[in-house]
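A short reminder: the numbers here are calculations on the coordinates, not readings from a lab. Keep in mind the model is a prediction, meaning the values are calculated, not measured. Quick reminder, even Gly has a Cβ in these numbers, built from the backbone with ideal geometry, and neighbours come from all protein chains shown.
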Amino acid sequence: MKSRAAVAFAPGKPLEIVEIDVAPPKKGEVLIKVTHTGVCHTDAFTLSGDDPEGVFPVVLGHEGAGVVVEVGEGVTSVQTWRPCDPALHRGSAASVSSVVLAKLTSVLRFAKPRVKA
């Protein structure tokens, strides 16, 4: 699936809006069309290059809300097109992309990055 995302290719450089490929959801994952996202100080910390866990390129933003558009194998607790709006946690891939992959846990968390810019 194609999407557009604001990608940070290097620390301290402006974000670039580019088209990316988003992999379909794997077992236990869901694909969410992000309709709203927040940007917080941890995004600025990563973009600055001061975050020792920062890896580039990266799609920043870890506070997302959206709609489930596809479910992976074994997912039974959510359905497509049901709104969801949990706060997503730092420590995994974050996104201001129009679609992201999320793992199904007690809350939805972003999966490790599986997008190619």
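From least to most packed, judged by other beta carbons within 10 angstrom and beginning with the fewest, T46, T80 follow the order T80, T46. Whole-Hz Karplus values for region 16-31 come out as 10, 7, 9, 7, 10, 9, 10, 5, x, x, 8, 3, x, 10, 10, 9 Hz, taken residue by residue from phi with 6.51 cos²θ - 1.76 cosθ + 1.60 and θ = phi - 60°; glycine and proline positions read x. Neighbour counts of C-beta atoms inside 10 Å place H62, H41, H36 in the sequence H41, H36, H62, starting with the fewest.
Out of region 1-85, which chymotrypsin sites (Phe, Trp or Tyr not before Pro) are coil in DSSP terms and have no more than 11 other C-beta atoms within 10 Å? Loop-located and lightly packed - W81. Applying the criteria of a DSSP loop state and at most 14 other Cβ atoms within 10 Å to the trypsin sites (Lys or Arg not before Pro) of region 1-79 yields K26, K27.
Sequence-ordered 3J(HN,Hα) estimates for region 56-63 from the Karplus curve with 6.51, -1.76 and 1.60 and θ = phi - 60° stand at 10, x, 8, 9, 7, x, 10, 10 Hz, glycine and proline given as x.
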